[in-house]
Amino acid sequence: MTAVLPDLEEVALHQQELEKIENLEACCRHIKILLLQNNIIPKMEGLSKLKELEYLNLALNNISMIEGIEGCESLNKLDMTVNFVGVEELEESVYNLKANIMLEDLYMTGNPCEDWSGFRPYVVAHLPQLKQLDGKLIVPAERIKARQQLPKLQQELEAAVQASLMKKAAEAGKPVSEGAYTKESRNEMYLEMAAQKEEKERNERRRMGTEPKEPRKVPGIYNARGDIRQCNEGKYDFDIDDVSDPTKIIFELAVPKYLDTSALDVDVNPSFVRVVVRDKVTQLKLPAEVHPDSCKVQRSRITGSLRIEMPLVNPGRVRTKTEPKPPDLQPLQAEPPRGKASGSEIKGAVSLQGIYKDHRRVSTQGGQPELLKAVRTKRSGGSAPLVVAPPCDDDEDDDGIPPLHAKT
(Lines give C-alpha, C1' and ligand atoms only; values in the text may rest on other atoms or scores of the structure.)
Protein backbone atom coordinates (compact mmCIF):
# COMPACT_ATOMS: atom_id res chain seq x y z
CA MET A 1 0.00 0.00 0.00
CA THR A 2 2.84 2.40 0.80
CA ALA A 3 4.26 1.87 -2.68
CA VAL A 4 0.97 2.96 -4.30
CA LEU A 5 0.08 6.05 -2.26
CA PRO A 6 2.88 8.35 -3.54
CA ASP A 7 1.66 7.79 -7.11
CA LEU A 8 -1.96 8.80 -6.48
CA GLU A 9 -3.16 11.81 -8.45
CA GLU A 10 -6.80 11.93 -7.30
CA VAL A 11 -8.18 11.34 -3.81
CA ALA A 12 -11.90 11.43 -2.98
CA LEU A 13 -12.72 11.65 0.75
CA HIS A 14 -16.10 13.32 0.60
CA GLN A 15 -18.97 12.45 2.99
CA GLN A 16 -16.68 10.72 5.47
CA GLU A 17 -17.40 12.94 8.51
CA LEU A 18 -13.75 14.04 8.53
CA GLU A 19 -12.77 16.57 11.16
CA LYS A 20 -9.16 17.19 10.18
CA ILE A 21 -6.84 17.11 7.16
CA GLU A 22 -3.68 15.17 7.93
CA ASN A 23 -1.02 12.83 6.48
CA LEU A 24 -1.65 13.90 2.89
CA GLU A 25 1.62 15.83 2.64
CA ALA A 26 3.62 12.81 3.79
CA CYS A 27 1.84 10.08 1.82
CA CYS A 28 0.44 11.67 -1.34
CA ARG A 29 2.82 14.34 -2.59
CA HIS A 30 1.69 14.07 -6.23
CA ILE A 31 -2.04 14.67 -5.77
CA LYS A 32 -3.65 16.76 -8.49
CA ILE A 33 -7.33 16.48 -7.48
CA LEU A 34 -8.44 16.44 -3.85
CA LEU A 35 -12.13 16.11 -2.99
CA LEU A 36 -12.97 16.84 0.65
CA GLN A 37 -16.48 18.23 0.32
CA ASN A 38 -19.35 17.43 2.68
CA ASN A 39 -17.33 16.87 5.84
CA ILE A 40 -17.00 18.85 9.09
CA ILE A 41 -13.46 20.15 8.61
CA PRO A 42 -13.04 23.41 10.61
CA LYS A 43 -9.60 24.50 9.34
CA MET A 44 -7.50 24.33 6.18
CA GLU A 45 -4.24 22.64 7.15
CA GLY A 46 -1.83 20.01 5.93
CA LEU A 47 -2.04 21.18 2.31
CA SER A 48 0.85 23.61 1.80
CA LYS A 49 3.30 20.99 0.48
CA LEU A 50 1.04 19.68 -2.27
CA LYS A 51 2.91 21.43 -5.07
CA GLU A 52 1.10 19.63 -7.87
CA LEU A 53 -2.44 20.14 -6.53
CA GLU A 54 -4.66 21.66 -9.24
CA TYR A 55 -8.22 21.28 -7.89
CA LEU A 56 -9.25 21.50 -4.24
CA ASN A 57 -12.89 21.02 -3.21
CA LEU A 58 -13.74 21.98 0.38
CA ALA A 59 -17.42 22.74 -0.11
CA LEU A 60 -19.89 22.05 2.71
CA ASN A 61 -17.44 22.20 5.61
CA ASN A 62 -17.00 24.37 8.70
CA ILE A 63 -14.14 26.53 7.43
CA SER A 64 -14.07 30.17 8.55
CA MET A 65 -10.94 31.38 6.74
CA ILE A 66 -9.04 30.54 3.58
CA GLU A 67 -5.47 29.71 4.62
CA GLY A 68 -2.70 27.16 4.45
CA ILE A 69 -2.56 26.81 0.65
CA GLU A 70 0.11 29.40 -0.18
CA GLY A 71 2.49 26.57 -1.17
CA CYS A 72 0.04 24.99 -3.64
CA GLU A 73 1.80 26.47 -6.68
CA SER A 74 -0.32 24.64 -9.27
CA LEU A 75 -3.73 25.35 -7.71
CA ASN A 76 -6.11 26.30 -10.51
CA LYS A 77 -9.57 25.80 -8.98
CA LEU A 78 -10.79 26.26 -5.40
CA ASP A 79 -14.33 25.43 -4.28
CA MET A 80 -15.34 26.92 -0.91
CA THR A 81 -19.12 26.73 -1.43
CA VAL A 82 -21.30 26.82 1.71
CA ASN A 83 -18.72 27.40 4.40
CA PHE A 84 -18.53 30.01 7.17
CA VAL A 85 -16.17 32.67 5.76
CA GLY A 86 -17.57 35.94 7.11
CA VAL A 87 -16.77 39.57 6.43
CA GLU A 88 -14.43 39.54 9.42
CA GLU A 89 -12.19 36.96 7.72
CA LEU A 90 -12.70 38.12 4.12
CA GLU A 91 -9.76 40.53 3.98
CA GLU A 92 -7.25 38.00 5.32
CA SER A 93 -8.68 35.19 3.20
CA VAL A 94 -8.27 37.22 0.02
CA TYR A 95 -4.76 38.19 1.01
CA ASN A 96 -3.80 34.50 1.47
CA LEU A 97 -4.96 33.76 -2.09
CA LYS A 98 -2.62 36.29 -3.71
CA ALA A 99 0.24 33.79 -3.56
CA ASN A 100 -1.68 31.32 -5.77
CA ILE A 101 -0.84 32.94 -9.09
CA MET A 102 -2.29 29.99 -11.06
CA LEU A 103 -5.73 30.31 -9.45
CA GLU A 104 -8.35 31.05 -12.11
CA ASP A 105 -11.64 29.69 -10.71
CA LEU A 106 -13.00 30.49 -7.22
CA TYR A 107 -16.34 29.49 -5.71
CA MET A 108 -17.59 31.26 -2.55
CA THR A 109 -21.36 30.81 -2.87
CA GLY A 110 -23.19 30.30 0.41
CA ASN A 111 -20.62 31.98 2.68
CA PRO A 112 -21.72 34.79 5.05
CA CYS A 113 -19.28 37.24 3.40
CA GLU A 114 -21.42 37.22 0.25
CA ASP A 115 -24.15 39.06 2.16
CA TRP A 116 -21.99 42.17 1.85
CA SER A 117 -22.85 43.99 -1.36
CA GLY A 118 -19.20 44.84 -2.14
CA PHE A 119 -17.97 41.24 -1.98
CA ARG A 120 -17.58 40.54 -5.69
CA PRO A 121 -15.83 43.77 -6.74
CA TYR A 122 -13.56 43.57 -3.69
CA VAL A 123 -12.38 40.05 -4.62
CA VAL A 124 -12.03 40.90 -8.31
CA ALA A 125 -9.94 43.97 -7.50
CA HIS A 126 -7.54 42.07 -5.22
CA LEU A 127 -7.12 38.89 -7.28
CA PRO A 128 -6.18 39.83 -10.85
CA GLN A 129 -5.37 36.18 -11.72
CA LEU A 130 -9.03 35.15 -11.37
CA LYS A 131 -11.02 34.47 -14.54
CA GLN A 132 -14.23 33.22 -12.93
CA LEU A 133 -15.89 33.95 -9.58
CA ASP A 134 -18.80 31.74 -8.51
CA GLY A 135 -19.07 30.39 -12.03
CA LYS A 136 -19.42 33.84 -13.61
CA LEU A 137 -16.80 35.09 -16.04
CA ILE A 138 -14.90 38.26 -15.02
CA VAL A 139 -14.75 40.66 -17.96
CA PRO A 140 -12.04 43.35 -18.27
CA ALA A 141 -14.52 46.21 -17.76
CA GLU A 142 -15.64 44.72 -14.45
CA ARG A 143 -12.07 44.37 -13.31
CA ILE A 144 -11.20 47.98 -14.17
CA LYS A 145 -14.28 49.29 -12.36
CA ALA A 146 -13.52 47.17 -9.31
CA ARG A 147 -10.01 48.59 -9.07
CA GLN A 148 -11.34 52.12 -9.24
CA GLN A 149 -13.75 51.40 -6.38
CA LEU A 150 -11.19 49.63 -4.20
CA PRO A 151 -10.56 52.50 -1.68
CA LYS A 152 -14.27 52.94 -1.15
CA LEU A 153 -14.79 49.19 -0.91
CA GLN A 154 -12.13 48.99 1.78
CA GLN A 155 -13.96 51.55 3.93
CA GLU A 156 -17.26 49.79 3.43
CA LEU A 157 -15.69 46.47 4.41
CA GLU A 158 -14.43 47.93 7.68
CA ALA A 159 -17.89 49.25 8.45
CA ALA A 160 -19.44 45.91 7.61
CA VAL A 161 -16.99 44.17 9.94
CA GLN A 162 -17.90 46.50 12.83
CA ALA A 163 -21.60 45.96 12.22
CA SER A 164 -21.12 42.20 12.15
CA LEU A 165 -19.16 42.24 15.40
CA MET A 166 -21.80 44.33 17.12
CA LYS A 167 -24.52 42.00 15.90
CA LYS A 168 -22.68 38.95 17.23
CA ALA A 169 -22.10 40.66 20.57
CA ALA A 170 -25.80 41.50 20.85
CA GLU A 171 -26.77 37.92 20.05
CA ALA A 172 -24.23 36.45 22.48
CA GLY A 173 -25.95 34.46 25.19
CA LYS A 174 -29.24 34.25 23.35
CA PRO A 175 -30.52 30.81 22.37
CA VAL A 176 -30.03 29.95 18.74
CA SER A 177 -33.27 29.51 16.86
CA GLU A 178 -34.14 25.99 15.90
CA GLY A 179 -32.99 25.11 12.38
CA ALA A 180 -30.35 27.86 12.25
CA TYR A 181 -27.39 26.97 10.00
CA THR A 182 -24.35 27.15 12.29
CA LYS A 183 -21.17 25.19 12.86
CA GLU A 184 -22.65 23.59 15.92
CA SER A 185 -25.81 22.53 14.12
CA ARG A 186 -23.76 21.04 11.28
CA ASN A 187 -21.58 19.11 13.72
CA GLU A 188 -24.64 17.75 15.49
CA MET A 189 -26.30 16.84 12.22
CA TYR A 190 -23.24 15.02 10.88
CA LEU A 191 -22.70 13.14 14.11
CA GLU A 192 -26.29 11.91 13.98
CA MET A 193 -25.80 10.90 10.35
CA ALA A 194 -22.59 9.08 11.26
CA ALA A 195 -24.38 7.20 14.06
CA GLN A 196 -27.21 6.20 11.71
CA LYS A 197 -24.72 5.09 9.09
CA GLU A 198 -22.81 3.00 11.61
CA GLU A 199 -26.02 1.42 12.88
CA LYS A 200 -27.05 0.56 9.33
CA GLU A 201 -23.68 -1.02 8.60
CA ARG A 202 -23.81 -2.96 11.88
CA ASN A 203 -27.25 -4.33 11.06
CA GLU A 204 -26.01 -5.37 7.64
CA ARG A 205 -23.02 -7.15 9.15
CA ARG A 206 -25.31 -8.93 11.59
CA ARG A 207 -27.55 -10.03 8.73
CA MET A 208 -24.57 -11.36 6.80
CA GLY A 209 -23.06 -12.97 9.90
CA THR A 210 -19.84 -10.93 9.77
CA GLU A 211 -20.44 -8.83 12.88
CA PRO A 212 -17.60 -9.47 15.35
CA LYS A 213 -18.89 -10.78 18.64
CA GLU A 214 -18.30 -8.90 21.83
CA PRO A 215 -15.43 -10.31 23.90
CA ARG A 216 -16.63 -12.87 26.41
CA LYS A 217 -16.44 -11.87 30.04
CA VAL A 218 -14.23 -14.31 31.90
CA PRO A 219 -15.82 -15.40 35.20
CA GLY A 220 -14.08 -14.40 38.41
CA ILE A 221 -12.35 -16.52 41.00
CA TYR A 222 -15.22 -16.53 43.48
CA ASN A 223 -18.86 -17.35 42.91
CA ALA A 224 -21.88 -15.47 44.21
CA ARG A 225 -21.61 -17.17 47.61
CA GLY A 226 -17.99 -16.11 48.05
CA ASP A 227 -16.61 -19.62 47.61
CA ILE A 228 -13.84 -20.55 45.23
CA ARG A 229 -15.42 -21.30 41.87
CA GLN A 230 -14.95 -24.79 40.49
CA CYS A 231 -15.61 -25.10 36.78
CA ASN A 232 -14.38 -26.60 33.52
CA GLU A 233 -15.91 -24.39 30.84
CA GLY A 234 -13.75 -25.82 28.06
CA LYS A 235 -14.82 -29.39 28.96
CA TYR A 236 -11.19 -30.53 28.79
CA ASP A 237 -10.16 -33.82 30.37
CA PHE A 238 -8.13 -33.26 33.52
CA ASP A 239 -6.52 -35.23 36.33
CA ILE A 240 -5.40 -34.09 39.78
CA ASP A 241 -2.96 -36.45 41.49
CA ASP A 242 -2.11 -36.06 45.19
CA VAL A 243 -1.22 -39.70 45.85
CA SER A 244 1.74 -40.76 43.70
CA ASP A 245 4.09 -38.17 45.25
CA PRO A 246 3.48 -37.18 48.89
CA THR A 247 5.39 -33.90 48.48
CA LYS A 248 3.40 -32.37 45.62
CA ILE A 249 0.10 -32.18 43.79
CA ILE A 250 0.18 -32.83 40.05
CA PHE A 251 -2.51 -31.31 37.84
CA GLU A 252 -2.79 -32.27 34.17
CA LEU A 253 -5.13 -30.62 31.68
CA ALA A 254 -5.64 -32.07 28.17
CA VAL A 255 -5.62 -28.88 26.14
CA PRO A 256 -5.58 -29.13 22.30
CA LYS A 257 -2.28 -30.37 20.95
CA TYR A 258 -1.67 -27.58 18.45
CA LEU A 259 -2.90 -24.74 20.67
CA ASP A 260 -0.34 -21.97 20.94
CA THR A 261 1.09 -21.65 24.43
CA SER A 262 0.45 -17.90 24.36
CA ALA A 263 -3.28 -18.69 24.49
CA LEU A 264 -2.86 -20.24 27.96
CA ASP A 265 -3.05 -18.25 31.17
CA VAL A 266 -2.03 -20.21 34.27
CA ASP A 267 -2.61 -18.92 37.79
CA VAL A 268 -1.61 -21.01 40.81
CA ASN A 269 -2.72 -19.90 44.26
CA PRO A 270 -2.17 -21.64 47.60
CA SER A 271 -5.68 -23.04 47.59
CA PHE A 272 -6.67 -23.32 43.92
CA VAL A 273 -5.33 -23.60 40.38
CA ARG A 274 -6.81 -21.61 37.48
CA VAL A 275 -6.16 -22.08 33.74
CA VAL A 276 -7.76 -19.85 31.11
CA VAL A 277 -7.78 -21.30 27.59
CA ARG A 278 -9.28 -19.00 24.96
CA ASP A 279 -11.49 -17.25 27.53
CA LYS A 280 -12.68 -20.62 28.88
CA VAL A 281 -11.85 -21.12 32.55
CA THR A 282 -10.82 -24.36 34.22
CA GLN A 283 -10.53 -23.78 37.96
CA LEU A 284 -10.26 -26.33 40.75
CA LYS A 285 -9.90 -26.13 44.50
CA LEU A 286 -6.80 -27.94 45.72
CA PRO A 287 -7.02 -30.62 48.42
CA ALA A 288 -4.09 -29.08 50.33
CA GLU A 289 -2.14 -25.82 50.48
CA VAL A 290 0.72 -25.46 47.97
CA HIS A 291 3.67 -23.16 47.28
CA PRO A 292 2.74 -21.05 44.19
CA ASP A 293 6.29 -19.71 43.79
CA SER A 294 7.80 -23.18 43.50
CA CYS A 295 5.39 -24.57 40.93
CA LYS A 296 6.56 -26.09 37.67
CA VAL A 297 4.48 -25.71 34.52
CA GLN A 298 5.19 -27.75 31.38
CA ARG A 299 3.54 -28.91 28.16
CA SER A 300 3.92 -32.27 26.57
CA ARG A 301 5.63 -32.21 23.18
CA ILE A 302 3.69 -35.29 22.11
CA THR A 303 0.14 -34.68 23.34
CA GLY A 304 0.32 -30.95 24.12
CA SER A 305 -1.30 -31.49 27.54
CA LEU A 306 -0.52 -29.08 30.34
CA ARG A 307 1.22 -30.37 33.48
CA ILE A 308 1.50 -28.34 36.69
CA GLU A 309 3.52 -29.63 39.64
CA MET A 310 2.67 -27.83 42.90
CA PRO A 311 4.79 -28.56 46.00
CA LEU A 312 2.82 -28.96 49.21
CA VAL A 313 3.31 -26.62 52.15
CA ASN A 314 2.93 -29.47 54.66
CA PRO A 315 3.80 -32.76 52.98
CA GLY A 316 1.94 -35.57 54.73
CA ARG A 317 2.47 -39.29 54.90
CA VAL A 318 2.39 -41.32 51.75
CA ARG A 319 -1.19 -41.74 50.79
CA THR A 320 -2.32 -44.83 48.99
CA LYS A 321 -5.13 -45.11 46.63
CA THR A 322 -8.24 -46.69 48.05
CA GLU A 323 -8.72 -50.05 46.37
CA PRO A 324 -12.28 -50.98 45.50
CA LYS A 325 -13.80 -53.51 47.95
CA PRO A 326 -13.86 -57.00 46.39
CA PRO A 327 -17.23 -58.67 46.14
CA ASP A 328 -18.21 -61.24 48.83
CA LEU A 329 -17.30 -64.79 47.85
CA GLN A 330 -20.07 -67.36 48.12
CA PRO A 331 -19.29 -71.10 48.72
CA LEU A 332 -19.87 -73.42 45.85
CA GLN A 333 -23.17 -75.34 45.95
CA ALA A 334 -23.27 -78.95 44.86
CA GLU A 335 -25.42 -79.53 41.85
CA PRO A 336 -28.10 -82.25 42.14
CA PRO A 337 -27.24 -85.46 40.25
CA ARG A 338 -28.58 -85.63 36.80
CA GLY A 339 -31.11 -88.27 35.84
CA LYS A 340 -32.15 -89.02 39.47
CA ALA A 341 -35.51 -88.05 40.78
CA SER A 342 -35.74 -86.32 44.07
CA GLY A 343 -37.32 -87.90 47.08
CA SER A 344 -40.40 -85.85 46.80
CA GLU A 345 -43.46 -87.47 45.36
CA ILE A 346 -44.42 -86.43 41.86
CA LYS A 347 -47.82 -84.96 41.82
CA GLY A 348 -50.07 -84.18 38.90
CA ALA A 349 -50.91 -85.90 35.63
CA VAL A 350 -48.20 -87.43 33.42
CA SER A 351 -48.68 -87.77 29.66
CA LEU A 352 -47.86 -91.11 28.15
CA GLN A 353 -48.54 -90.18 24.57
CA GLY A 354 -44.93 -89.75 23.42
CA ILE A 355 -43.63 -92.74 25.35
CA TYR A 356 -45.84 -95.44 23.87
CA LYS A 357 -45.13 -94.44 20.32
CA ASP A 358 -41.40 -95.34 20.63
CA HIS A 359 -40.65 -99.06 20.78
CA ARG A 360 -37.27 -98.36 22.40
CA ARG A 361 -39.04 -97.49 25.62
CA VAL A 362 -40.43 -101.01 25.99
CA SER A 363 -38.64 -103.10 28.63
CA THR A 364 -36.81 -106.25 27.49
CA GLN A 365 -36.56 -107.90 30.93
CA GLY A 366 -37.95 -111.43 31.49
CA GLY A 367 -37.33 -112.99 28.08
CA GLN A 368 -39.57 -111.97 25.21
CA PRO A 369 -40.58 -108.31 25.14
CA GLU A 370 -44.15 -107.71 26.11
CA LEU A 371 -45.52 -105.44 23.46
CA LEU A 372 -48.16 -103.02 24.38
CA LYS A 373 -50.62 -103.08 21.55
CA ALA A 374 -53.32 -100.77 22.70
CA VAL A 375 -53.96 -98.39 25.49
CA ARG A 376 -57.37 -97.31 26.38
CA THR A 377 -57.73 -93.97 28.07
CA LYS A 378 -60.68 -92.03 29.14
CA ARG A 379 -60.97 -88.48 27.91
CA SER A 380 -63.40 -85.87 28.93
CA GLY A 381 -66.37 -86.06 26.69
CA GLY A 382 -66.14 -89.84 26.16
CA SER A 383 -63.98 -89.87 23.05
CA ALA A 384 -62.73 -93.06 21.36
CA PRO A 385 -59.78 -95.02 22.79
CA LEU A 386 -56.23 -94.12 21.74
CA VAL A 387 -54.51 -96.85 19.70
CA VAL A 388 -50.70 -97.01 19.68
CA ALA A 389 -49.04 -98.05 16.40
CA PRO A 390 -46.96 -101.24 16.40
CA PRO A 391 -43.26 -100.81 16.86
CA CYS A 392 -40.78 -100.77 14.00
CA ASP A 393 -37.80 -103.12 13.56
CA ASP A 394 -35.23 -100.66 15.02
CA ASP A 395 -33.93 -102.41 18.16
CA GLU A 396 -31.43 -99.74 19.24
CA ASP A 397 -32.04 -98.26 22.66
CA ASP A 398 -31.62 -94.70 23.62
CA ASP A 399 -29.16 -94.63 26.51
CA GLY A 400 -30.33 -91.21 27.63
CA ILE A 401 -33.87 -92.44 28.45
CA PRO A 402 -34.55 -94.95 31.22
CA PRO A 403 -36.37 -98.13 30.20
CA LEU A 404 -39.92 -98.90 31.12
CA HIS A 405 -40.39 -101.97 33.34
CA ALA A 406 -43.48 -104.17 32.97
CA LYS A 407 -45.68 -104.74 35.97
CA THR A 408 -45.37 -108.14 37.64
- [ ] Kindly report the accessible area of region 215-274 per residue (heavy atoms of protein chains, probe 1.4 Å, no ligands, DNA or RNA), in Å².
- [x] 62
Task: For Asp245, solvent-accessible area (1.4 Å; no DNA, RNA or ligand), Å² - done: 50
TODO: Give the share of C-alpha pairs in each 5 angstrom bin for region 1-75, from 0 to the last occupied bin, in whole percents, shortest bins first.
DONE: 3, 17, 28, 28, 17, 5, 1, 0
Open item on the list: Going by amide H atoms built from the backbone, whose H comes under 5 Å of the H on Ile249, apart from near neighbours?
Closed with: Met310, Leu312
Open item on the list: Probe radius 1.4 Å, ligands and nucleic acids ignored: give me the carbon and sulfur share of the accessible area of region 150-216 as a rounded percent.
Closed with: 56
Open item on the list: When a/c reaches 1.5 or more, the comparison of a/b and b/c decides; with that in mind, is region 149-304 rounded, prolate or oblate per its Cα gyration tensor?
Closed with: prolate
- [ ] Could you please state how large a percent of the accessible area of region 223-317 is carbon and sulfur, counting protein chains only and using a 1.4 Å probe?
- [x] 45
TODO: Quick one: order His126, His14 from most to least accessible surface, probe 1.4 Å.
DONE: His14, His126
Task: Label-point separation, Glu184 to Gln162 (7 Å along Cα→Cβ), nm - done: 2.9
Task: Heavy-atom surface of region 1-67, accessible at 1.4 Å and reported per residue (Å²) - done: 51
- [ ] Could you go through region 226-237 in sequence order and give the Karplus-derived ³J(HN,Hα) for each residue, using 6.51 cos²θ - 1.76 cosθ + 1.60 with θ = phi - 60°, rounded to whole Hz, and x for Gly and Pro?
- [x] x, 8, 5, 5, 10, 7, 9, 5, x, 6, 7, 5
Open item on the list: As an exercise, use a Förster radius of 56 Å and the Cβ-Cβ distance of Gln298 and His14 to find the FRET efficiency, rounded to the nearest 0.05.
Closed with: 0.45
- [ ] On the protein heavy atoms, probe 1.4 angstrom, tell me the percent of accessible surface of region 9-118 carried by carbon and sulfur.
- [x] 46
Open item on the list: With the cut-off at 1.5 for a/c, could you classify region 79-163 from its C-alpha gyration tensor as rounded, prolate or oblate?
Closed with: oblate
- [ ] Report the accessible area of Asp239, computed with a 1.4 Å probe over the heavy atoms of all protein chains in place, in Å² rounded to the nearest 10.
- [x] 80
Task: Listed residues Lys183, Lys285, Lys51 arranged by accessible area, highest first, probe 1.4 Å - done: Lys285, Lys51, Lys183
Open item on the list: Counting only other residues whose beta carbon sits under 12 Å from that of Glu10, what net charge do I get with K and R as +1, D and E as -1?
Closed with: -3
Open item on the list: Between region 57-80 and region 101-136, what is the separation of their alpha carbon centroids in Å?
Closed with: 13
- [ ] State whether region 121-212 is rounded, prolate or oblate according to the following rule on the C-alpha gyration tensor (a ≥ b ≥ c being the square roots of its eigenvalues): a/c under 1.5 gives rounded; otherwise a/b larger than b/c gives prolate, and the remaining case gives oblate.
- [x] oblate
TODO: Quote the FRET efficiency, to the nearest 0.05, computed for Arg216 versus Lys32 with a Förster distance R0 of 51 Å and r equal to the Cβ-Cβ distance.
DONE: 0.55
Task: Order of exposure, largest accessible area first, which applies to Phe251, Phe84, Phe238 with probe 1.4 Å - done: Phe238, Phe84, Phe251
TODO: Compute, for Tyr181, the solvent-accessible surface of its heavy atoms (probe 1.4 Å) with the complete set of protein chains present, and express it in square angstrom to the nearest 10.
DONE: 110
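The values are calculated or read from the model by the stated rules, or taken from the named source; none is laboratory data. Since we're looking at a predicted model, the values are computed, not measured. No Cβ is skipped: glycine too gets one built from the backbone with ideal geometry, and neighbour counts run over all protein chains shown. We work out accessible area using only protein heavy atoms, side chains counted, and drop any ligands, DNA or RNA first. Shrake-Rupley method; radii C 1.70, N 1.55, O 1.52, S 1.80 Å.
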